[in-house]
1. Using the Kirkwood formula over every pair of different C-alpha atoms, what hydrodynamic radius in Å results for the chain?
2. Between I84 and T113, what's the calculated FRET efficiency when r is the beta-carbon distance and R0 is 51 Å? Round to 0.05.
3. Would you mind computing, in nm to one decimal, how far apart the modelled labels at S205 and D68 are, each placed 7 Å from Cα along Cα→Cβ?
4. Subtract the Cα-Cα distance of E292 and D130 from 0.36 nm times their separation in residues, and report this length gain in nm to one decimal.
5. With label points built 7 Å along Cα→Cβ from the Cα atoms of L101 and F281, find their separation and express it in nm.
6. At 1.4 Å probe radius, can you tell me the per residue accessible area of the chain in Å²?
7. Given I290, L265, V305, which one lies farthest toward the positive end of the charge dipole of the chain, if we put +1 on the Cβ of every Lys and Arg and -1 on the Cβ of every Asp and Glu?
8. For segment 41-149, report the % of Cα-Cα distances exceeding 25 Å.
Amino acid sequence: MKKSINMAIILILVVLVTTLSGCKKKSPAITDPVKDPAGPTEDLETNEKDREKIMAEFNNALNGKELDKIVFFIDENIGKLSQIEGDKMVSELEKILNQSLDVTTNKISQADTNGELMTIAGTELFFPEDKIKDIQNEKLRDEITKTINSKYKLINLEGSYYPIIDYEKIKQYNNYISDEMKEYIEIKAMDSNEPVAMDAGLRISYDDLADRIIKTEKYIEKYSQGQRYEEMLGNYKNKLALYLGGLDNTPIADFETKKIYDDVLESYNKTAKIKDSATAFVVNKYIDVIKENNNLINKDVEDKVVSLVNEALSSLELSK
């Protein structure tokens, strides 16, 4: 079961509330976005020694592995640092959030013994933060508040809520990080705000998927020497494969007639017109294959997907 949930989270590709009240014991408050602790002039006056001290303290916080304290430390100090150090903080935050997913999942599972989260918001894809105050189980309420404060959000998968990184909230650090990191967070936030696929089906339109693919392609081209290059290349590969091949519950063609759906073909035609794009080049070749087969999608057409995706990847790697 745990393995299937992890696979579901992988397929995803992957709101603040006021202080909780009306409880016998006061729960931790949902924290406010990062405050600017120093204006531009004060930032410039923060000398290298001070920045080194802050980064040493940050490393100590990381070693403690207490997510809420790490986030609080970043909120209080990132504005005193350079973009290089800001990137380091955000990168390390993302790393420890990924490493802590299983632990956080287990804590929530152990606290939510009666399935209260699903009872409160079982019809919602994401657990609404304004419903945290409705959680009666004090231990669970505190755990969820702490989880949200740590830059996670809760997503409904197979009848339970699980944490995923909330990249939209990490955007609050945009003023203190490089354009490369900022654009990376933007792409990741698209997927955490609205997952590409769940339950063997797309949750977004083919046009929206194409838009995400093109944005990812542009990032890869722009930052071909960047630290996130390999990760984003994998992200691009997965999305392009979904775009060309579809999924079981959102195929690109009618199951009975095998004819490609009009909206899918229209999306392909729009994507193929994009200039100077590896994606457009292979999509154009795919359209030719489909037309030669009378707009029918059979095994011969489907077998072209892997080679076309690999061709796009090779094109991007050659442009490094």
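1. Across the chain, the inverse of the average 1/r is 21.8 Å.
2. With a Förster radius of 51 Å, E is 0.65.
3. The two pseudo-label positions are separated by 4.2 nm.
4. Working: separation 162, 0.36 × 162 = 58.32 nm, distance 5.35 nm.
Full-extension gain reported as 53.0 nm.
5. Taking the simple label geometry, L101 and F281 are separated by 3.3 nm.
6. 53 Å²
7. The Cα lying farthest towards the positive end belongs to V305.
8. For segment 41-149, the share of Cα pairs beyond 25 Å comes to 37 percent.
The values are calculated or read from the model by the stated rules, or taken from the named source; none is laboratory data. Since we're looking at a predicted model, the values are computed, not measured. Because the Cβ atoms are built from the backbone with ideal geometry, glycine has one as well, and the counts that use them run over all protein chains shown. The area values use the complete protein model at the heavy-atom level, side chains included, leaving out ligands, DNA and RNA. Shrake-Rupley method; radii C 1.70, N 1.55, O 1.52, S 1.80 Å.
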